[in-house]
1. Quick one: count up the residues across region 1-41 that are assigned to a strand (DSSP E or B), at pLDDT 95 or above and not aromatic (Phe, Trp, Tyr).
2. Being touching a residue at least 12 places away in the same chain (Cβ under 8 Å), in contact with a Leu (Cβ under 6 Å, 6 or more places away or on another chain) and not aromatic (Phe, Trp, Tyr) narrows it down to one of Ala10, Ala52, so name that one.
3. Hey, does region 33-50 have a residue that's over 13 Å from the mean Cα position of the chain (by Cα) and over 16 Å from Ala73 (Cα atoms)?
4. Quick one: how many residues across region 47-103 are part of a helix (DSSP H, G or I) and not polar (S, T, N, Q)?
5. Can you tell me which residues in region 60-103 are buried (at least 17 other Cβ atoms within 10 Å of the Cβ) and in contact with a Pro (Cβ under 8 Å, 6 or more places away or on another chain)?
6. How many residues are modelled with pLDDT of 95 or more and either among the small types (Gly, Ala, Ser) or touching a His at 6+ places or on another chain (Cβ under 6 Å) (or both) if we restrict to region 54-64?
7. Would you pick out the residues in region 68-103 that are of a type in the set (Gly, Ala, Ser) and more than 11 Å from the chain's Cα centre (by Cα)?
8. For Gln77, which of the numbered conditions (1) modelled with pLDDT under 95; (2) in contact with a strand residue (DSSP E or B) (Cβ under 6 Å, 6 or more places away or on another chain) fails to hold?
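The values are calculated or read from the model by the stated rules, or taken from the named source; none is laboratory data. Everything numeric here is computed off the predicted structure, so don't read it as measured data. Reconstructed Cβ throughout: ideal geometry from the backbone, glycine too, with neighbour counts over all protein chains shown.
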Amino acid sequence: MDAQIWTDQAGRICVSGEVGFINAEKLSLDGEQLIATMPRICTVDLSGIRYASSVMLAVMVGWLRHAAACDVALAFQNIPGQLMQVARVSGLDAVLPISMSSQ
């Protein structure tokens, strides 16, 4: 499994590839490093994810906690369908700040 994370020219954090238990911890840490450098408002674009196990939801919640500690308002956009279904079933869709726009 391979996942990439970077900031694009619009200032969003972008995630692509495949996310599972094997690479979730590294992705989480890499995301925290990027979040710490972001302005007060930041969007995480997940449109590039080809596969994500439910562990991606744990990564997202961890990023929310880290963003709050860094005084950054975080929102997620383009959450893959299957991951969004798991979020709905678990009730996390009510907790995760989801942006419907795909800039």
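1. Here the count works out to 11.
2. Ala52
3. Yes: one or more hits.
4. 25
5. Leu64, Val72, Leu74, Ala75, Phe76
6. The total comes to 2.
7. Correct list: Ala68, Ala69, Ala73, Gly81, Ala87, Ser90, Gly91, Ala94, Ser99, Ser101, Ser102.
8. Among (1) modelled with pLDDT under 95; (2) in contact with a strand residue (DSSP E or B) (Cβ under 6 Å, 6 or more places away or on another chain), Gln77 violates only (1).
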